[in-house]
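**Student:** Here's a structure for you.
The values are calculated or read from the model by the stated rules, or taken from the named source; none is laboratory data. Everything numeric in this text was worked out from a predicted model, so none of it was measured. Ideal geometry is used to build each Cβ from the backbone, glycine not excepted, and the neighbour counts take in all protein chains shown. Keep in mind that these areas ignore ligands, DNA and RNA; they rest on the heavy atoms of the full protein, side chains included. Shrake-Rupley method; radii C 1.70, N 1.55, O 1.52, S 1.80 Å.
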Amino acid sequence: MAADINAFVTEATIEGDADADGPLAGATVAVKDNISTAGIRTTCGSEMLADYVPPYSATVVDRLTDAGATIVGKTNMDEFGMGTTTETSAFGPTRNPVDTDRVPGGSSGGSAAAVAAGEADVALGSDTGGSVRCPAAFCGVVGIKPTYGLVSRYGLIAYANSLEQIGPIAGTVEEAAAALDAIAGDDPNDGTTRDLAEVEGADPDASYAAAADGDVDGLTVGVPTELFEGADERVVSTVEAAIADLEAKGAETTEISLPSVEHAVQAYYVIAMAEASSNLARFDGVRYGHRSDADGNWNDSFAETREEGFGAEVKRRILLGTYALSAGYHDKYYEKAQDARAWVRRDFEDAFDDVDVIASPTMPVLPFELGESLDDPLRMYLADANTTPVNLANLPAISVPAGETDGLPVGLQLVGPKFGEETIVRAASAVEDR
Ligand code: GLN
């Protein structure tokens, strides 16, 4: 495997069921290192969990091996999923196989890079605010962020649990959809998963892979002005060309407005950091992971353990998240963010009264050069403008390659209504046939 791009934190094999047949039989799968694998260390890209070996596997891992796929390793990521470039990992940055001076995107950068470099057929990422779609866009591959509740989070080490879903990354829409077929479905171990038989309008027997038929005749595509404003012109023209191609194939496009999305990044970061501050409280040197050998009382040892175990970005978010939840500030920040979240959700609901899918650039920027955004967290956060609204609204979305500009990949994002995975897969497969 190409060590130079640093896609894997740990290379290790979990054999798939040799008797399985179906699209995943014999496929190789790389798994983001925040998804638990029994007996194989699962680091979250953090010093804190550098030696942590889970006693069980995530539901998604069991489902993939039952479907005949072989796990080939654990992929590098921004520490605890916090980042957009895969540079905040304690195990060094991953490089973009398309241009090794550039980042692969994040936080599931190792997963997208492994697929783009041919080191795995399929990969799993997790998407809290764009972490499957962003690296898919930057590495020129396909990534799906499922509807909240379609895929089990059992065994996913939480960053911001009300926002995140595990999703597949692959070279083609059909392969990503086949992996989604394998991992989707309710799970008694995750109470937030939904039984599709009980979801109005959803088809419990849906085959996402079969939906990759390229047929967009009669499909209505909404194009929200807000998600194009401020984006790099080269990105905009590449995405517009892909949308024009959908029109040529029989889709109808219509301009729409999502006024709330200008608040999405701010609302997302308040909610994500608030949830992170709570979820990461468990890393105390007693129950999991790293423990400082500093003498002293509980407070000293807890503080020292976290000082040593967490990197700068994680600390920043725990501090800000704790602040946003503290007495006196809760109403000012956290509740406002929840109001904005409700507004974003309503805006999308209204839009889907008139359109089948919503199209935009996945990322408003081209892949950063390594090191470029590290000292400027705000710039990094703003790059999530188009992906975070989707998590706030718990909707499904796919990033599919729209083309290249200056030799760099550009991703088109297609968002669907809740449990509308078949529609976004269908539309994305038409984009891919250009
Ligand atoms: N870049 C976003 C963040 O840092 C998204 C991360 C993710 O989806 N895990 O929070």
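**Student:** For segment 352-434, give me every one of the helices (runs of 4 or more DSSP H) that falls completely inside it and has 1 or more residues that are within 14 Å of the ligand (Cβ to nearest atom) and under 19 Å from the mean Cα position of the chain (by Cα).
**Tutor:** Passing ranges, in order: 377-382, 388-392.
**Student:** While we're here: Which pairs turn up if I take residues in segment 249-263 that are without any contact (Cβ under 8 Å) to a residue 60 or more places away in the chain and small (Gly, Ala, Ser) and look for partners that are open to solvent by 50 Å² or more (accessible area, probe 1.4 Å) and part of a loop (DSSP other than H, G, I, E, B) with beta carbon separation below 8 Å, at least 6 apart in sequence or on another chain?
**Tutor:** These pairs meet every condition: Gly250/Asp217; Gly250/Gly218.
**Student:** Hey, another quick one. Since Pro146 meets every condition but one in (1) farther than 22 Å from Leu280 by Cα; (2) open to solvent by 10 Å² or more (accessible area, probe 1.4 Å); (3) in contact (Cβ under 8 Å) with a residue 40 or more places away in the chain, which condition does it not meet?
**Tutor:** (2)
Results for (1) in contact with a helix residue (DSSP H, G or I) (Cβ under 8 Å, 6 or more places away or on another chain); (2) open to solvent by 10 Å² or more (accessible area, probe 1.4 Å); (3) of a type in the set (A, V, I, L, M, F, W, C), shown as yes or no for each residue.
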{"site": "Arg63", "(1), (2), (3)": "yes, yes, no"}
{"site": "Ala69", "(1), (2), (3)": "yes, no, yes"}
{"site": "Thr85", "(1), (2), (3)": "yes, no, no"}
{"site": "Val98", "(1), (2), (3)": "yes, yes, yes"}
{"site": "Ala137", "(1), (2), (3)": "no, no, yes"}
{"site": "Val142", "(1), (2), (3)": "yes, no, yes"}
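**Student:** If you go through segment 96-155 one residue at a time, how many are within 11 Å of the ligand (Cβ to nearest atom), closer than 19 Å to Ile5 by Cα and part of a strand (DSSP E or B)?
**Tutor:** Looking only at that region, the number is 1.
**Student:** Still on this structure: Answer yes or no: is there a residue in segment 415-428 that is open to solvent by 10 Å² or more (accessible area, probe 1.4 Å), modelled with pLDDT under 95 and of a type in the set (Lys, Arg).
**Tutor:** no
**Student:** Regarding segment 156-168, can at least one residue be identified that is over 23 Å from Phe283 (Cα atoms) and either open to solvent by less than 20 Å² (accessible area, probe 1.4 Å) or out of contact with any strand residue (DSSP E or B) (no Cβ under 9 Å at 6 or more places or on another chain) (or both)?
**Tutor:** Checked against the condition, which is being over 23 Å from Phe283 (Cα atoms) and either open to solvent by less than 20 Å² (accessible area, probe 1.4 Å) or out of contact with any strand residue (DSSP E or B) (no Cβ under 9 Å at 6 or more places or on another chain) (or both), segment 156-168 yields at least one hit.
**Student:** Residues of segment 59-89 being of a type in the set (Gly, Ala, Ser) and away from the ligand (no atom under 16 Å from the Cβ), which ones?
**Tutor:** Result: Ala67, Gly68, Ala69, Gly73.
**Student:** Does segment 174-193 contain any residue that is open to solvent by less than 20 Å² (accessible area, probe 1.4 Å), acidic (Asp, Glu) and more than 16 Å from the ligand (Cβ to nearest atom)?
**Tutor:** yes
**Student:** So in segment 203-223, with the set limited to residues that are touching a Ser or Thr at 6+ places or on another chain (Cβ under 8 Å) and not aliphatic (A, V, I, L, M), which one is surrounded by the most Cβ atoms within 10 Å (Cβ to Cβ)?
**Tutor:** To start, the set of residues in segment 203-223 that are touching a Ser or Thr at 6+ places or on another chain (Cβ under 8 Å) comprises 211-214, 219-223.
If we keep only those that are not aliphatic (A, V, I, L, M) as well, we get 213-214, 220, 222.
On the way: Asp213: 13, Gly214: 17, Thr220: 16, Gly222: 21.
Per the stated criteria, the residue is Gly222.
**Student:** Can you name the residue in segment 263-305 that is in contact with a helix residue (DSSP H, G or I) (Cβ under 7 Å, 6 or more places away or on another chain) and at positive phi and, of all such residues, is most open to solvent (accessible area, probe 1.4 Å)?
**Tutor:** In this case the residue turns out to be Gly289.
**Student:** Still on this structure, I have one more. Which residues, counting only those in segment 340-350, are touching a residue at least 60 places away in the same chain (Cβ under 8 Å), under 22 Å from Val132 (Cβ atoms) and either within 16 Å of the ligand (Cβ to nearest atom) or open to solvent by 10 Å² or more (accessible area, probe 1.4 Å) (or both)?
**Tutor:** Arg341, Val344
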